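Below: one structure, written as structure tokens.
Every number in this text was worked out from the coordinates using simple rules, so none of it is lab data. Predicted model, so just to flag it, every value in this text is computed and none were measured. Every residue, glycine as well, gets a Cβ built from its backbone with ideal geometry; the counts of neighbours run over all protein chains shown.
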Amino acid sequence: MQTFISFLILISYYQLVAQENSTIVLSTIESELEKKQVAVDLGNTTKSLGSIVAKAISIHGGLRLAKPQKSRFSANFSAKGGNLISLSLATGVPKKTVSRYSFEEANVQLSIAKACDRLVLETLGIPGFFSGRISFLSSLSGKKEIFVSDAIMTTARPQTSFGKITFNPSWDNQGQGIFFTSNRKVFNNVYYLNLDSRKISTIANYRGSNLRAVQNPRSNQVALILSTSGNPEVWLASSPRSKPSRLTRNRSNESGPAWSPDGRRLLVTSDSRGKPQIYEVSVSSGQLTRIPTNVSSHCTEANWNPRDPNKFVFTAAVSGGFQVCEYDFSLRKSRIITKGAVHSMQPCWASDGRHLYFTERSVTGKTRIMILDTELEGAKPAPLHGPSFGNCSQVSFYYPN
């Protein structure tokens, strides 16, 4: 009996040691993550502003909220009436104010976003992305319609109400409007919505399917996907109102054009070898050159990093699902960015080339927009909205110059 009791005590001891070791390991991991982040407290920031700023900080990854005695910077956001927001930064021991800024934009939300971008620049020395806007699709009304929101989706407004099939929203390079595809007039045509005048212009309504328009970030040029020649091909127009010229001439199906940051190169998805892969298409000859992603036999939806032309992200079929991957031209290698049982797709970079928007689709088909800090090791994707936004997908990002 005594031997049996001793055995139980020994088992309990090893269980306790295992639990203690587990706790120690978790604590070590957490502290390592914290070392990579700059600790910030919000000082006397008012509660109404604090919730928005706290969301921005938690999403960024490079910053983290901390108590004043453990923070490196103290950031005070204040509402000064109208759309005016002030930001003061303090640091040191004891903390002393080192800089003050004021921001007055078209609306108070944008003023807060500008202040958050300044916080990122002053504390991390890198540009922020919070002043950007996203367009996306939401099925809140029962049909997929185009919405526009701030970069972290604190609020969103519908831009269309067709009650039809609408997809492929894409900002113009001035942030004045959105290209999109819809069957609002029976067949799939490409349209342009001017956000100021609310006027909708037809960009492409040729025979066959008119599937997509994406504007060059450095010029008026537009890449389109049209099937007027039979199969979906890449066409180029010198401006949105110009007649396009056929660029590719083959029997394969092309889709998803993505411009490089300098506007000189173009990626597309093509099934010229049977299954969809990412190709670079010559903007002068239309010749396709396959990118050796070597991660999947099914690769689509490329999106070029706006700050690092060596990198682009794409969607790949991996282990029975879809995940977002990144390809590096300099390394000629791919890495899988997202993981898990859910599907991750439709990646879109923010303007800082660090944060990545993508669509997460559950096993039941529900979709939501996620954001991921791709540079913070151990960072996890964060949802940008709840069920009140509906099923959301297909982000396009714009940041004002």
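Table for the structure above
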item: Label-point gap, in nm, between Arg265 and Phe329 - each point 7 angstrom along Cα→Cβ; result: 0.1 nm
item: Debye equation applied to the C-alpha atoms of region 38-124, log10 I(q)/I(0) at 0.14, 0.19, 0.25 Å⁻¹; result: -0.41, -0.77, -1.34
item: Projected label distance in nm at Lys199 and Lys36, using a 7 Å step from Cα toward the beta-carbon; result: 4.9 nm
item: The chain: angle of helix 2-35 to the longest principal axis, Cα-based, in degrees nearest 10; result: 50 degrees
item: HN-Hα J in Hz across region 309-323 - Karplus 6.51, -1.76, 1.60, θ = phi - 60°, x for Gly and Pro; result: x, 7, 10, 9, 10, 7, 9, 9, 7, 9, 6, x, x, 10, 9
item: Coil-residue chymotrypsin sites (Phe, Trp or Tyr not before Pro) of region 317-401, DSSP, other Cβ within 10 Å capped at 16; result: Phe329
item: Mean Cβ neighbour count within 10 Å, used as a protection proxy, ranking 169-176, 211-218 highest first; result: 211-218, 169-176
item: Cβ-based net charge around Pro261, under 11 Å, with every Lys or Arg adding one and every Asp or Glu removing one; result: +3
item: Sum of side-chain charges, Leu195 neighbourhood, beta-carbon under 13 Å (Lys, Arg +1; Asp, Glu -1); result: +2
item: Extended-chain gain in nm, criterion 0.36 nm per residue less alpha-carbon gap, Lys67 and Ser48; result: 5.0 nm
item: Protection-proxy order for peptides 145-155, 283-293, each taking the mean of Cβ atoms within 10 Å per residue, highest first; result: 145-155, 283-293
item: Shape metrics for the chain, restricted to C-alpha atoms - Rg then Dmax, Å; result: 24.3, 93
item: All lysines inside 19 Å of Lys114 as judged from Cα atoms, apart from same-chain residues fewer than 8 positions distant; result: Lys47, Lys55, Lys80
item: Aspartates and glutamates with Cα under 13 Å of Lys70, excluding same-chain neighbours fewer than 8 positions away; result: Glu34, Asp41
item: Candidate lysines for bridging to Lys143, where Cα separation is under 16 Å - those fewer than 8 sequence places away on the same chain excluded; result: Lys164, Lys185, Lys366
item: Length gained when the stretch Asp308-Ala79 is fully extended (0.36 nm per residue, less Cα-Cα span); result: 78.8 nm
